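Chemist: The structure under discussion is supplied below as structure tokens; questions concerning it will follow.
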Amino acid sequence: MPLLDARSSKPLDEFNACFIRGAERGNRAWAYLPNERGGTFTDSGAYGTRASYWLQARGAASGTRLRLYGAAPSAPAFGIIEAVDKCR
């Protein structure tokens, strides 16, 4: 079950650029793994992370669908949900 299941009216590329800028400003290490429908951001394996997260971003004609998963279902999403909300 995702920690966040949301939609953005922004196109996939625009959301991704915003999320990357936010990660850079916050000195957070995120990798982006593209695929045919969008991609997944992850901080898995990054130095100093408290838990690993995966943010799936899928493009569609109506915008971008976003799902955030944590390594542990009860893991608090230390500012990640707020970062996603800023870019939506």
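Chemist: Out of all the residues in the stretch 32-52, which are surrounded by 15 or more Cβ atoms within 10 Å (Cβ to Cβ), of a type in the set (Phe, Trp, Tyr) and at pLDDT below 90?
Modeler: Within the stretch 32-52, no residue meets the criteria.
Chemist: Now for a different question. Any idea how many residues of the stretch 1-31 are part of a strand (DSSP E or B), surrounded by 15 or more Cβ atoms within 10 Å (Cβ to Cβ) and touching a Phe, Trp or Tyr at 6+ places or on another chain (Cβ under 8 Å)?
Modeler: 1
Chemist: Please go through the stretch 33-54 and pick out each residue that is in contact with a helix residue (DSSP H, G or I) (Cβ under 7 Å, 6 or more places away or on another chain) and at negative phi.
Modeler: Of everything in the stretch 33-54, those that are in contact with a helix residue (DSSP H, G or I) (Cβ under 7 Å, 6 or more places away or on another chain) and at negative phi turn out to be 41, 53.
The values are calculated or read from the model by the stated rules, or taken from the named source; none is laboratory data. All of these numbers come straight from a predicted model, not from anything done at the bench. Quick reminder, even Gly has a Cβ in these numbers, built from the backbone with ideal geometry, and neighbours come from all protein chains shown.
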